[in-house]
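*Asks:* This is the structure I want to talk about, given as structure tokens.
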Amino acid sequence: METSEAKKTAIKGGEWIIKETAYQDIFIPEEFDEEQRMIAQTCSDFLQNEVYPLVERLDSMQEPELMPSLLDKSGELGLLGMNIPEQYGGFGKDFVTGMLATEVMGAGHSYAVALLAHTGIGTLPIALYGNEEQKTKYLPKLATGEWKASYCLTEPGSGSDANSGKTKAIPTADGKHYIINGQKMWITNAGFADVFIVFAKIEDDENLSAFIVEKAFGGVRLNAEEKKMGIKGSSTRQVFFEDCKVPAENLLSTRGNGFKIAVNILNIGRIKLSAAAIGASKKVTSVAVNYANERNQFGRPISKYGAIRHKLAEMAIRVFGAESATYRATQNIEDRIMAYRTEGMDAASAELKGVEQFGIECAMMKVEGSETLDYVVDEGVQIYGGMGYSAEAPMDRAYRDARINRIFEGTNEINRMLTVDMILKRAMKGEIDLMGPAQAVANELMGIPDFGDDSTELLAAEKKAIAQFKKAILLVAGAAVQKLMMQLAKEQEVLMYIADMAIKTYVAESVLLRVEKLIAMKGEEACQTYLDIMRVTFNDTADNLWITGKNAINAFAEGDEQKMMIIGLKRFSKFDPVNTKDARQRIAQKLIEENRYCF
């Protein structure tokens, strides 16, 4: 019998589809320790005292030194070095703690974008791929904010297809320098960055290489600030490299390894974006609850009306689901990192391998987190009514700032397709046994249906439903692979349907596991509202799988095969009826009483 700890470290990315997970083996936000909560409070206080009073001035972009000064203050508090090792001037906190800080700071509008670009894509390439000399030179200054960082990957002709970039790096005759020429666009923090992580192809290489470029090297020219829909306070510019002379020792990692660096850094960025979106979603939900309690219409607060309560409850349900799934994946990553370190791997390599192992979940959570925030801000505007459309009210900025998150770190469409692509590639390599379970599901269609059982055990219906939901994914994905084979990669709509089924099932299972763990911690009576959240989630997930799966099947199957698969899908996407109206009423009542997001 495997121990619980062995099981935790043994789980692989994507294996949740074919394996049952025990609640004891996941992490939930209610388990943050005292130190982590103190860090979260420090982050929250910083937003309240330093950032929120300045959001109007930041968005006006009339004071170029304002954002850098906030990053300086962040550095003084240690907020820029949360995950940088102590020997390089950081706090050396674990991946979970860094995610919590990211979540809280995610409510910081444009400041959050600047902060996360600096600490994430700007600093992590050096922290995770730099040699000892590079880390010693750059990380201490990045940890304090003395130097600000930026990341230069996207070009006018290469967005999602990053490896097609045209920027060139030509070695000098003596081999001591590279001369970089090219153009980058949508570069966050470009207006004040001291250090740029620049991706370029050396000579006629097929793959990108990465370089650490200091602005002081010269040959770096900036366009004016971009005029954007949202996140107006963040610096976003085009960057031109014109005979920029970079020392050879500033090549990051090895020649031609830049694309891999970009992919792995984006994996981290994706799950961190989900955490940031959760923080922003919680903030917007709290603001919406406040307003609903204060705004009177027809003689009473609008929070008394069912339509408003439905919106508030649904906002909370989606935030709870995204949060549950994100921290489940986060702890899986942390467990894998520690397992690699126990095996003797150095800290940087262990973090890279740990995150890479859960690249599937990172992509899924990027989609779920960003789309949760989009839903929340949209309903936030609606709850405010006419005031929601006014620039004088807080929802205007929240709505505009949220929209970029579905594009950042790879569009949601790309991340959906990556989710399925990564799962199938791992199956083909034998890293995940999908074919056996998929064949078993296909065989089950020919058998006598399971008409259920009479179990009265708490959560029995949800546990059975999760097993069935996973069968629905295997049914559709397995048939799509068999039917379309090599053409599947071109059937983007089918891939996105399958990804949606996977994402919604992963979130539903994460909610179930979190609620099960909360019941073990607090008792059933104290968890009634959480049970409501879970049951509404399952009701809606079943409906989503039925519609999405049916659309996928209809896209590639016909005749008797189609009919048989539709019957199977219907069987696997069933869930007992739930009075979602009353459940949402109870969830909303809890929010209204607390006057904030409180789950």
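The values are calculated or read from the model by the stated rules, or taken from the named source; none is laboratory data. Worth saying up front: this structure is predicted, and the values here are computed from it rather than measured. Positions of Cβ are generated from backbone atoms using ideal geometry, with glycine treated the same way; all protein chains shown enter the neighbour counts.
*Asks:* Which of the residues that make up the range 203-212 are in a strand (DSSP E or B) and either within 12 Å of Ala169 (Cα to Cα) or of a type outside the set (Val, Ile, Thr) (or both)?
*Replies:* Passing the criteria: Ser209, Ala210, Phe211.
To keep it simple, each residue is scored yes or no on (1) modelled with pLDDT of 90 or more; (2) within 16 Å of Lys570 (Cα to Cα).
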| position | (1), (2) |
| --- | --- |
| Glu409 | yes, no |
| Leu445 | no, yes |
| Pro449 | no, yes |
| Asp454 | no, no |
| Ala479 | yes, yes |
| Met485 | no, no |
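Residue-by-condition table, conditions (1) in contact with a helix residue (DSSP H, G or I) (Cβ under 7 Å, 6 or more places away or on another chain); (2) modelled with pLDDT of 95 or more:
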residue	(1), (2)
Gln62	no, no
Ser69	no, yes
Lys73	yes, yes
Leu80	yes, yes
Asn83	yes, no
Tyr88	yes, yes
Phe91	no, no
Val96	yes, yes
Leu100	yes, yes
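*Asks:* Report yes if Gly81 is in a helix (DSSP H, G or I), buried (at least 21 other Cβ atoms within 10 Å of the Cβ), in contact (Cβ under 8 Å) with a residue 12 or more places away in the chain and not hydrophobic (A, V, I, L, M, F, W, C), otherwise no.
*Replies:* Numbers: in a helix (DSSP H, G or I): no; buried (at least 21 other Cβ atoms within 10 Å of the Cβ): yes; in contact (Cβ under 8 Å) with a residue 12 or more places away in the chain: yes; not hydrophobic (A, V, I, L, M, F, W, C): yes.
Against the criterion (in a helix (DSSP H, G or I), buried (at least 21 other Cβ atoms within 10 Å of the Cβ), in contact (Cβ under 8 Å) with a residue 12 or more places away in the chain and not hydrophobic (A, V, I, L, M, F, W, C)), Gly81 does not qualify.
*Asks:* Taking only pairs six or more apart or across chains, which ones have beta-carbon atoms under 7 Å, a first residue in the range 40-61 that is farther than 15 Å from Val113 by Cβ, and a second residue that is among the acidic types (Asp, Glu)?
*Replies:* From the range 40-61, the pairs are Arg57/Glu63.
*Asks:* Need a quick list: helices (runs of 4 or more DSSP H) entirely within the range 87-160 having at least 3 residues that are over 20 Å from Pro64 (Cα atoms). Steps first, please.
*Replies:* Values: elements: 95-105, 109-116, 124-129, 132-144.
The qualifying helices (runs of 4 or more DSSP H) are 95-105, 124-129, 132-144.
*Asks:* With respect to the numbered conditions (1) surrounded by 15 or more Cβ atoms within 10 Å (Cβ to Cβ); (2) modelled with pLDDT under 95; (3) of a type outside the set (Phe, Trp, Tyr), which one is the sole condition not fulfilled by Ala542?
*Replies:* Among (1) surrounded by 15 or more Cβ atoms within 10 Å (Cβ to Cβ); (2) modelled with pLDDT under 95; (3) of a type outside the set (Phe, Trp, Tyr), Ala542 violates only (2).
*Asks:* Give the residue, chosen from Glu594, Glu561, that is over 25 Å from the mean Cα position of the chain (by Cα) and either within 24 Å of Val376 (Cβ to Cβ) or surrounded by 18 or more Cβ atoms within 10 Å (Cβ to Cβ) (or both).
*Replies:* Working: Glu561 fails: either within 24 Å of Val376 (Cβ to Cβ) or surrounded by 18 or more Cβ atoms within 10 Å (Cβ to Cβ) (or both).
Just one listed residue meets the conditions, Glu594.
*Asks:* Moving to a separate point now. Could you tell me whether Ser60 is in contact with a Lys or Arg (Cβ under 9 Å, 6 or more places away or on another chain), surrounded by fewer than 18 Cβ atoms within 10 Å (Cβ to Cβ) and either of a type in the set (A, V, I, L, M, F, W, C) or closer than 25 Å to Phe408 by Cα (or both)?
*Replies:* On the way: in contact with a Lys or Arg (Cβ under 9 Å, 6 or more places away or on another chain): yes; surrounded by fewer than 18 Cβ atoms within 10 Å (Cβ to Cβ): yes; either of a type in the set (A, V, I, L, M, F, W, C) or closer than 25 Å to Phe408 by Cα (or both): yes.
Answer is yes for this residue.
*Asks:* To continue, here is another question. Residues Lys504, Lys574: which one is part of a helix (DSSP H, G or I), closer than 25 Å to Met364 by Cα and among the basic types (Lys, Arg)? Full working, then the answer.
*Replies:* Numbers: Lys574 fails: part of a helix (DSSP H, G or I).
Of the residues listed, the single one that is part of a helix (DSSP H, G or I), closer than 25 Å to Met364 by Cα and among the basic types (Lys, Arg) is Lys504.
*Asks:* On to the next question. Can you confirm whether the range 241-256 contains a residue that is surrounded by fewer than 19 Cβ atoms within 10 Å (Cβ to Cβ), touching a Phe, Trp or Tyr at 6+ places or on another chain (Cβ under 6 Å) and not basic (Lys, Arg)?
*Replies:* For the range 241-256, residues surrounded by fewer than 19 Cβ atoms within 10 Å (Cβ to Cβ), touching a Phe, Trp or Tyr at 6+ places or on another chain (Cβ under 6 Å) and not basic (Lys, Arg): present.
*Asks:* Within the range 34-42, is even one residue in contact with a Leu (Cβ under 9 Å, 6 or more places away or on another chain), not small (Gly, Ala, Ser) and not in a helix (DSSP H, G or I)?
*Replies:* no
*Asks:* Quick check: is even one residue across the range 553-564 touching a Phe, Trp or Tyr at 6+ places or on another chain (Cβ under 8 Å) and under 28 Å from Ile423 (Cβ atoms)?
*Replies:* Yes, that holds for at least one residue.
*Asks:* Being closer than 30 Å to Gly120 by Cβ and either touching a strand residue (DSSP E or B) at 6+ places or on another chain (Cβ under 7 Å) or free of Cβ contacts under 8 Å to residues at least 60 places away in the same chain (or both) narrows it down to one of Lys425, Lys464, so name that one.
*Replies:* Lys425 is the lone residue from the list that is closer than 30 Å to Gly120 by Cβ and either touching a strand residue (DSSP E or B) at 6+ places or on another chain (Cβ under 7 Å) or free of Cβ contacts under 8 Å to residues at least 60 places away in the same chain (or both).
*Asks:* If I filter the range 346-404 down to residues being among the aliphatic types (A, V, I, L, M) and outside any helix (DSSP H, G or I), which single residue comes out as surrounded by the most Cβ atoms within 10 Å (Cβ to Cβ)?
*Replies:* Ala393
*Asks:* Considering every residue within the range 271-284, establish whether at least one is assigned to a helix (DSSP H, G or I), crowded, with 22+ Cβ neighbours inside 10 Å and either touching a strand residue (DSSP E or B) at 6+ places or on another chain (Cβ under 9 Å) or free of Cβ contacts under 8 Å to residues at least 60 places away in the same chain (or both).
*Replies:* No - not one qualifying residue is present in the range 271-284.
*Asks:* Just to be sure I understand the filter: pairs with C-beta atoms under 7 Å, separated by 6 or more residues or on different chains, first member in the range 544-558 and among the basic types (Lys, Arg), second member surrounded by fewer than 19 Cβ atoms within 10 Å (Cβ to Cβ). Which pairs pass?
*Replies:* Listed pairs, sorted by first residue: Lys550/Ile566.
*Asks:* Being small (Gly, Ala, Ser) and under 19 Å from Asp94 (Cβ atoms) is the filter here, so list the residues in the range 342-397 that pass it.
*Replies:* First, the residues of the range 342-397 that are small (Gly, Ala, Ser): 344, 347-350, 354, 359, 363, 369-370, 380, 385-386, 388, 390-391, 393.
Once the filter is applied, which keeps residues that are small (Gly, Ala, Ser) and under 19 Å from Asp94 (Cβ atoms), the range 342-397 yields Gly344, Ala347, Ala348, Ser349, Ala350, Gly354.
*Asks:* Quick one: which residue in Asn181, Asn207 is of a type in the set (S, T, N, Q), touching a residue at least 60 places away in the same chain (Cβ under 8 Å) and not assigned by TED's automatic domain parsing to the domain that holds Ala117?
*Replies:* Only one candidate qualifies: Asn181.
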